[in-house]
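Heads up: the structure comes next, in structure tokens.
None of the figures in this text is laboratory data; all of them are computed from the coordinates on show. All of these numbers come straight from a predicted model, not from anything done at the bench. Counting neighbours? That spans all protein chains shown, and the Cβs are built from the backbone with ideal geometry, glycine included.
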Amino acid sequence: MADWETVIGMEVHVQPKTRSKMFCGCSVADVNEPPNTHVCEICLGLPGTLPAINRAAVEACIKTALALRCEIPRHTKFDRKNYMYPDLPKGYQISQYDLPMSVNGLLEVDGRKVRIRRVHLEEDTGKLVHAGDKLHKAWESYVDLNRAGVPLMEIVSEPDLRSADEARDYAIELRTVLRAIGASEADMEKGQLRAEPNVSIRRAGTDALGVKTELKNINSFRALHRAILYEVDRQQKLLETGGTVVQETRGWSEDEERTFSQRSKEFAEDYRYFPEPDLPPLELDRAWIEGLRAALPELPAIRRARLVSQHGLTAGQAAIISADRDLADLYETAVMQGAPPLPTANWIVNEVAPTGKLLDPAYLAELMTMLQAKDITRDQAREAYFESVETGRTPAEIVAEHGYRQVSDESELRVIAEAVIDANPKAVADYRNGKTQALNALLNELRKKAPQANPKVARELLLKLLS
Amino acid sequence: MTDDLTSLTIQDATRLLRLGSISSADLVTAHVERIERVDPRVKAYLRLTQDLWETQADEADRKIRRGDAGPLAGIPIAIKDVLCVRGVETTAGSQILRGFRPPYTGTAVSRLFEAGAVMLGVTNCDEFAMGSSTENSGYFPTHNPWDLERVPGGSSGGSAAAVASGEAIIALGTDTGGSIRQPAALCGVVGMKPTYGRVSRYGLIAFASSLDQIGPFARSVDDAALTLSLMAGYDPLDSTSSDRAAMEVLNNYGAGVKGMRLGVPREYYDVAGIEPGVKAAIDAALFILQKQGAEIVDVSLPHTDYGLAAYYIIAPAECSSNLARFDGVRYGLSEVDAPNITAEYSRTRRKGFGTEVRRRVMLGTYALSSGYYDAYYLKAQKVRTLIKRDFDAAFEKCDAVVSATSPTVAFPIGSKTQDPLSMYLCDVLTLGGNLAGLPGISVPCGTSDGLPVGLQVLGPQWGENVVFRVARAYEEASEMKAGVATPGPSPRRGEG
């Protein structure tokens with residue numbers, strides 16, 4: 001099994017964050033809005049209409065290209081990709097063929113350098129809704145053009161990924177970058193990020209690429225991972241039993257957990273690309289591009305590395321914090337205002353990231369300092385944190401009002417501890433019979449009655465009383 | 001009396017309207033009566049727009065009384081069937097769009113409406129503007145008002161015939177390879193094709209996007225210039241429209257030709273198939289221009305021979321893509337009773353498109369196909385660049401280029417329909433202007449064998465004012481006003 005090498009290149013379609021569509025003024029619909037409510041004569045492709053380029057989409061594409069360290073050529077243009085399908089109102093898609101907005105970039109994922117071939121702009125198609133459960137059984141099909149003309153960036157990598165894990169991590173890193181620079185919300189479930197891996201395998205140690213298949217219908221990072229694993233396994237079994245891989249597009253079926261043939265490239269359509277005559281070639285202003293470059297925030301990978309090297313965070317903490325610009329900004333600002341780095345990182349990972357509730361950085365610094373000084377317990381800090389988020393009052397006020405403090409004096413806790421032991425004879429018996437875990441139950445009871453108790457002191461006290 | 005009202009220029013009509021001698025409603029009534037009388041024979045109009053002319057004439061009369069009327073207030077206009085008007089059936093001369101009523105009005109038309117124009121109806125044309133005789137209309141052919149057995153030219157034949165027969169004061173057409181200038185010449189009226197990008201194409205049902213331009217038909221150069229100035233100018237809905245000032249098309253255009261150098265390209269002057277009568281009319285025109293003080297210079301457009309071939313690659317290539325949207329799914333003709341979507345497409349398009357449209361869609365699809373793209377489309381684009389350079393070089397030696405608009409006068413209906421190539425040759429003197437994106441006009445310059453001949457003036461890019469200047473000087477000196485034909489039985493003509 002080890003003598004096969006997996007080779008993956010990724011095509012990722014990303015919907016840039018824009019108010020309107022790529023070539024008209026229609027607002028971009030949320031998923032599940034009533035069909036054909038975000039359409040006009042332009043995105044319906046009515047006779048006589050013409051496209052006009054959405055500047056915000058170009059800006060998002062250039063920002064993405066810059067973040068992916070692409071070159072931005074002096075000239076770029078749009079082309080028509082001609083094919084007829086009922087979800088394509090003009091009978092062609094406006095895309096970019098031989099002069100894309102950007103080329104030759106790079107994205108590093110866990111130390112692997114993935115080359116980016118190009119990032120270009122195009123428009124999305126509409127969607128067909130078939131009455132009946134499957135296309136070939138449908139007796140009627142309906143066309144919803146809400147998505148027709150929605151801008152899409154296509155980010156194409158070179159075949160530099162070597163496993164399903166790498167492909168998934170690449171897609172996640174891409175999402176992180178897109179969110180960090182504000183180019184897209186990149187929500188896979190909303191169809192804002194669609195990953196299509198091109199998968200092939202070859203004998204380890206050889207250079208020639210095997211025949212690839214392109215996988216579609218992938219709706220989550222988990223599905224991406226599983227689809228690739230399935231496909232690699234399928235190709236390997238084929239080749240090992242004397243079969244050949246056919247170059248084709250294969251769909252991932254979430255229900256059946258397999259890929260299935262959709263469209264063979266042997267009968268590949270001739271798209272008859274030619275320059276879009278309705279849109280003059282673009283010559284982007286270099287100063288504008290440099291302005292966008294200068295305004296890019298620190299990229300997640302760089303921030304992540306800095307959090308490890310400068311702040312001493314673990315790789316795991318740094319990854320979670322840097323993946324979200326809001327978390328990372330909260331962390332760094334709080335630390336700048338005096339919050340202790342490691343406890344604050346720990347706090348953000350465990351308390352803030354899962355809830356998404358962000359506190360003012362100065363308040364967080366205040367709270368973390370109290371926690372660090374052992375003035376309050378972690379439970380109290382949590383109470384104070386969320387109360388401060390809700391009310392906007394300072395943690396110090398909240399702590400004072402509730403009389404939060406941490407008690408480390410054994411004598412103050414002894415009465416409560418004894419009461420807990422008396423009230424839980426079963427846990428006490430379990431503990432004495434060797435079930436050490438029963439101690440945690442008793443500890444929890446104690447903390448419920450005395451949230452101010454220093455957990456370490458309380459634990460030692462219980463141990464002493466039980467022995 | 002009413003006939004008098006149907007041979008006016010904008011200037012004449014405006015004077016009468018402002019004086020209060022007539023109302024816009026009178027003017028419309030005179031035209032509608034004229035249409036009822038002559039259009040059964042000319043067949044310039046596909047549809048009349050009574051609702052529109054009633055409200056627009058009312059509005060014009062109100063504004064004239066209030067004293068805030070626009071420059072075209074009350075002027076009856078005919079609109080070619082490729083320009084979308086909200087709520088008015090617009091079909092590009094094709095059965096495939098039968099019943100299609102656009103939910104919007106295109107930019108050029110709405111600018112003329114804002115200036116007060118009153119729309120009388122939709123004029124006939126070759127299907128999707130593909131043709132030079134209006135015989136390719138998906139409805140019926142239009143007849144030349146000067147000889148009903150002859151074609152009016154095309155593709156904007158209905159608009160040209162409407163102005164020539166007193167059925168409208170001005171009309172709009174579109175010109176992709178000569179479709180305004182050639183019918184203007186054959187019908188004896190003024191027809192102007194602006195620089196590519198001068199007028200927004202928004203609302204123009206595209207034939208070949210990189211060549212199409214909207215332009216006016218009129219009875220005088222002044223009327224054409226005024227109409228153009230009112231619809232020109234940047235439109236955010238058309239990215240290929242220019243932000244140059246619309247009014248520059250009128251700059252100094254009344255200054256006369258004294259001291260101007262007018263180039264006569266020898267490839268145009270001696271073009272194959274040019275009729276002696278046409279050549280004689282052009283010689284006479286050149287003589288008049290010379291007498292007005294212009295210097296006639298010899299220039300060359302060496303790649304002229306390749307222009308036709310390049311044009312018949314580029315235009316079909318673009319049309320094959322532009323016409324893909326007519327698939328029966330959303331509007332127009334729809335043959336839904338088919339076993340699958342591909343069959344539905346084929347049946348709809350086979351039934352809805354005529355022969356010439358199908359021919360060009362196939363030609364263009366072939367020219368763009370993988371493996372043929374470089375040899376055809378890319379090569380044609382290179383030829384296009386060479387043709388532009390030809391004109392650049394010519395305009396270093398002259399201010400404007402003059403020639404015949406069409407090598408022939410109007411030809412008999414049916415005489416070229418069996419031979420597409422001979423039909424394509426009708427555009428040999430005009431399509432260079434489209435490939436190079438230049439402004440051009442055709443003005444009446446006498447007759448040959450009793451039929452109108454047109455003089456073409458081509459100017460450099462954005463040189464509409466130069467084109468108008470030469471055309472106006474000729475019009476004034478020659479006293480060659482566009483006449484209004486009263487179509488009757490075919491006149492007998494001598495033998496040569």
About the Cα centre, charge dipole magnitude for the range B:71-116 (Lys/Arg +1, Asp/Glu -1 at Cβ), debye
80 debye
Could I get the Rg over Rh figure for the range A:51-103? Both from C-alpha atoms, Rh via Kirkwood, rounded to two places.
1.04
Other chains near B:318-326: what is the mean number of their Cβ atoms within 10 Å of each residue's Cβ?
6
In whole Hz, with x marking every Gly and Pro, tabulate ³J(HN,Hα) for the range B:66-74 from phi via Karplus 6.51 cos²θ - 1.76 cosθ + 1.60, θ = phi - 60°.
6, x, 10, 7, x, x, 10, 3, x
Per residue, how big is the convex hull around the C-alpha atoms of the range B:44-86? Give it to me in cubic angstrom, could you?
85 Å³
Sum of -39500 (n - 2.57) over DSSP H runs of 4+, divided by residues of chain B (222 nm, nearest 500):
-12000 deg cm²/dmol
Dipole axis of the range B:1-41 (+1 Lys, Arg; -1 Asp, Glu on Cβ), positive-most option in B:32, B:5, B:16
B:16
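If you take the beta carbon distance between residue B:261 and residue B:66 as r and set R0 to 41 Å, what does 1/(1 + (r/R0)^6) give as a FRET efficiency, to the nearest 0.05?
The value I calculate is 0.30.
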Highest mean first, how do A:323-332, B:241-250, B:101-110 rank when packing is the count of other Cβ atoms within 10 Å averaged over residues?
B:101-110, A:323-332, B:241-250
Take residue A:112, project a point 7 Å from its Cα along the Cβ direction, then tell me which residues of the range A:222-244 have their backbone nitrogen under 19 Å from it.
A:222-236
Principal axis extents for chain B, Cα atoms only, whole Å, descending order, please.
65, 52, 51
Given the peptides B:466-473, B:177-184, A:11-18, arrange them by the average over their residues of other C-beta atoms within 10 Å, most packed first.
B:177-184, B:466-473, A:11-18
Sequence gap at least 6, Cα distance under 8 Å: using those rules, report the relative contact order of the range A:16-133 to the nearest whole percent.
22 percent
What FRET efficiency, computed as 1/(1 + (r/R0)^6) with R0 = 30 Å and r the Cβ-Cβ distance, is obtained for residue A:408 and residue A:436, rounded to the nearest 0.05?
0.80
Round to the nearest 10 and give me the degree value, 0 to 90, for the angle of helix A:410-423's Cα axis relative to the longest principal axis of chain A.
80 degrees
Where the Cα atoms of the range B:251-329 are projected onto their three principal axes, how long is each span, largest first, in whole Å?
60, 35, 24
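Determine the relative contact order of the range A:410-466: mean sequence separation of Cα pairs under 8 Å and six or more apart, normalised by residue count, in whole percent.
Relative CO of the range A:410-466 lands at 42 percent.
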Exercise: per-residue mean of other protein chain Cβ atoms within 10 Å, B:360-367
1
With a 32 Å threshold on alpha-carbon distance, the violating pairs from B:43/B:291; A:17/A:216; B:80/B:481; A:63/A:190 are B:43/B:291
Protection proxy (average C-beta count within 10 Å per residue), highest first, orders A:371-380, B:309-318, A:171-180, B:428-437 as B:428-437, B:309-318, A:171-180, A:371-380
Measuring from label point to label point, each 7 Å out along Cα→Cβ, what is the residue A:30 to residue A:294 span in nm?
3.8 nm
Please list, short to long, the whole-number percent of alpha-carbon pairs of the range A:410-466 in consecutive 10 angstrom bins beginning at zero.
26, 62, 12
Where the eigenvalues come from the Cα gyration tensor of the protein assembly as shown, what are the semi-axes √(5λ) of the equivalent ellipsoid, largest first, in whole Å?
73, 31, 26
Loop-resident GluC sites (Glu not before Pro) in the range B:110-200 with no more than 16 other Cβ atoms inside 10 Å, DSSP not H/G/I/E/B, are B:149
Can you give the FRET efficiency to the nearest 0.05 for residue A:336 and residue B:366, using r as the Cβ-Cβ distance and R₀ = 45 Å?
0.10
Magnitude of the Cβ-charge dipole (Lys and Arg +1, Asp and Glu -1) of chain A about the Cα centre, nearest 20 debye, reported as 620 debye
Let a ≥ b ≥ c be the square roots of the eigenvalues of the Cα gyration tensor of the range A:222-311; is it rounded (a/c under 1.5), or, if not, prolate (a/b larger than b/c) or oblate?
oblate
Apply the Karplus curve 6.51 cos²θ - 1.76 cosθ + 1.60, θ = phi - 60°, to the phi angles in the range A:346-356 and return the couplings in whole Hz, x for Gly and Pro.
4, 4, 5, 5, 8, 10, 8, 4, x, 9, x
For the range B:140-234, what is the convex hull volume of the alpha-carbon atoms per residue, in Å³?
91 Å³
Compute the orientation-averaged projected area for the range A:298-402 from the convex hull of its Cα atoms and round it to one decimal in nm².
6.0 nm²
Each residue of the range A:146-158 in order: what ³J(HN,Hα) in whole Hz does its phi give by Karplus 6.51 cos²θ - 1.76 cosθ + 1.60, θ = phi - 60°, with x for Gly and Pro?
4, 8, 4, x, 5, x, 9, 9, 10, 10, 10, 9, 6
Just in the range A:120-217: which chymotrypsin sites (Phe, Trp or Tyr not before Pro) are loop by DSSP and have at most 11 other Cβ atoms within 10 Å?
A:139
Neighbouring partner chain Cβ atoms per residue of B:202-214, average, 10 Å criterion:
3
By DSSP, what percent of the beta bridges with both residues in the protein assembly as shown are antiparallel, rounded to the nearest 5?
80 percent
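Cβ under 14 Å from residue A:411's Cβ, residue A:411 left aside: what net charge do those residues give with Lys, Arg +1 and Asp, Glu -1?
Numbers: positive: A:414, A:464; negative: A:409, A:410, A:412, A:418, A:460.
Within the 14 Å Cβ shell, the charges total -3.
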Base-10 log of normalised Debye intensity for the range B:158-303 (one unit scatterer per alpha-carbon) at q = 0.19 Å⁻¹:
-1.33
Using a simple spin-label model with points 7 Å from Cα along the Cα→Cβ vector, what separation in nm is obtained for residue A:310 and residue A:247?
4.8 nm
Return the long-range amide H neighbours of residue A:69 (sequence gap of 5 or more, or a different chain), with a cut-off of under 5 Å between placed amide H atoms.
A:106
The range B:397-419 and the range B:236-285 have their Cα centres apart by a whole-number Å value of 15 Å
Just to be sure I follow: if Rg is taken over the C-alpha atoms of the range A:4-290 and Rh is the Kirkwood radius over the same atoms, what is Rg/Rh?
0.96
Testing the spin-label approximation: label points 7 Å from Cα along Cα→Cβ at residue A:357 and residue B:251. State their distance in nm.
6.9 nm
